[in-house]
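Scroll down for the structure; my scribbles are underneath it.
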Amino acid sequence: MSFHSTLPKQAPAPSLPSYAARDLTDGGDLAKIVLDQQTYTLRITRAGKLILTK
């Protein structure tokens, strides 16, 4: 006896905007991002990871 479940069909997810981190930082390692009246800093680490801080 085997039990197989099938997942319900889902509508395709809408495409999200995509931004290159290097473009946001203008080729550097830091960028400021403003949301409403709050400013955040986006940093690309030496290991190529992203850090977003307030």
Contact order normalised by residue count of the chain, Cα under 8 Å, 6+ apart, percent | 19
Check: the chain dipole with +1 on Lys, Arg Cβ and -1 on Asp, Glu Cβ, in debye = 180
For Arg22, what accessible area in Å² do you get when you roll a 1.4 Å probe over the heavy atoms of the protein chains, rounding to the nearest 10?
-> 130
How large, in percent, is the carbon and sulfur part of the accessible surface of the chain at a probe radius of 1.4 Å?
-> 55
Would you mind checking the radius of gyration and Dmax of the chain based on alpha-carbon positions, in Å?
-> 19.3, 60
Length gain on complete extension for the stretch Lys54 to Ala11, per 0.36 nm per residue less the alpha carbon to alpha carbon distance?
-> 12.0 nm
Accessible surface, 1.4 Å probe, highest first, among residues Ile33, Ile44 | Ile33, Ile44
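The values are calculated or read from the model by the stated rules, or taken from the named source; none is laboratory data. Only a predicted model underlies this, so the values are computations on that prediction, with no experimental measurement involved. In this analysis, Cβ positions are derived from the backbone assuming ideal geometry, glycine residues included, and neighbour counts consider all displayed protein chains. Just the protein is used for accessible areas: all its heavy atoms, side chains included, with ligands, DNA and RNA removed. Shrake-Rupley method; radii C 1.70, N 1.55, O 1.52, S 1.80 Å.
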